[in-house]
Amino acid sequence: MADPARVAAIAPPRRATARAAGSADARLGERLRTLRRQRRLSQSDLAQVLGVTYQQVQKYETGKTRLPARMLPALADLLEVDSRLLLNGLQEEGPPTAPTVPSAAEARDWNELAAAFAALRQPRTRRLLLAIIRAMAAEARLEPEG
């Protein structure tokens with residue numbers, strides 16, 4: 001369970017409104033659920049921070065309702081991740097900024113990688129690891145398919 005003082009300190013003053021959701025919203029919701037569970041937070045913890053009911057958090061996690069962008073900073077703070085992590089690769093149009101996750105197994109790998117990276121506390125270590133990953137990705141792009 002999250003520290004109630006921490007949850008109350010970052011809760012926004014306004015409530016969310018429901019909007020139509022799409023496939024990117026479902027992917028964001030899945031990512032939100034995974035991160036929430038990894039941090040052992042309840043839907044009620046997130047609801048308190050976001051100023052909504054736990055039922056609304058369920059709708060965000062299932063992609064039935066679009067998560068308002070104004071809630072992302074509070075979520076990222078509570079989940080202890082960069083807000084870009086929440087959105088990376090969710091675009092519905094145009095080339096994605098990161099590979100989309102086509103399978104549940106790859107989604108688990110991606111979430112495990114993101115959680116491990118988030119657990120690194122030394123900025124130098126994060127930068128070095130990111131440089132290695134970028135080099136590997138660049139090399140993979142140069143390799144012929146087959």
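What the table below lists for this structure:
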| item | result |
| --- | --- |
| Failed item in (1) basic (Lys, Arg); (2) closer than 25 Å to Leu129 by Cβ; (3) at pLDDT below 65, with Arg27 passing the rest | (3) |
| Residue tally, condition outside any loop (DSSP other than H, G, I, E, B) and within 21 Å of Ala115 (Cβ to Cβ), over the stretch 63-81 | 9 |
| Residue among Thr62, Thr100 that alone is within 14 Å of the chain's Cα centre (by Cα), modelled with pLDDT of 85 or more and either farther than 20 Å from Thr34 by Cβ or β-branched (Val, Ile, Thr) (or both) | Thr62 |
| The stretch 44-75, residues that are at negative phi and surrounded by fewer than 18 Cβ atoms within 10 Å (Cβ to Cβ) | Ser44, Thr53, Tyr54, Gln55, Gln58, Thr62, Lys64, Pro68, Ala69, Arg70, Leu72, Pro73 |
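The values are calculated or read from the model by the stated rules, or taken from the named source; none is laboratory data. Small disclaimer: the values here were computed from a predicted structure and weren't measured. Here the Cβ is made from the backbone with ideal geometry for all residues, glycine too, and neighbour counts use every protein chain on show.
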